[in-house]
Amino acid sequence: MYYKFSGFTQKLAGAWASEAYSPQGLKPLVSTEAPPIIFATPTKLTSSVPAYDYAGKNKVPELQKFFQKADGVPIHLKRGLPDQMLYRTTMALTLGGTIYCLIALYMASQPKNK
């Protein structure tokens, strides 16, 4: 006797051999032919594409010399005014946020008066 799961009753039910070996939702084997080509344009081979496409000058050695120069300036301030402005803005926002958090904690710790 062959059995098949019934989707209607959610139980096993008796079935013919052909039904038992073809579960619901599964299709019989399809042909093994290659699918049709979707794109008609040929693809490029990796050997025909250059490894990199960079036309600029390599600035890394110059930047290494600039940042490793021993002039007593911290590394995060080496580029001058833009770095100083960014540093000071960051410090001001950090201090402002810290003070705001402390004030909010103080206000939250005080009981409400009616």
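Here are a few things to note about the model shown:
- Of all residues in the stretch 9-25, those being at pLDDT 75 or above and in a loop (DSSP other than H, G, I, E, B) number 3.
Residue-by-condition table, conditions (1) open to solvent by less than 80 Å² (accessible area, probe 1.4 Å); (2) under 30 Å from Gly7 (Cα atoms); (3) at pLDDT 95 or above; (4) among the small types (Gly, Ala, Ser):
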position	(1), (2), (3), (4)
Lys27	no, yes, no, no
Phe39	no, no, no, no
Thr43	no, no, no, no
Gly80	yes, no, no, yes
Thr89	yes, no, yes, no
Thr98	yes, no, yes, no
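The values are calculated or read from the model by the stated rules, or taken from the named source; none is laboratory data. Quick caveat, the model's predicted, so the values are computed rather than measured. Side chains are part of the model used for accessible areas, which takes the heavy atoms of the whole protein and leaves out ligands, DNA and RNA. Shrake-Rupley method; radii C 1.70, N 1.55, O 1.52, S 1.80 Å.
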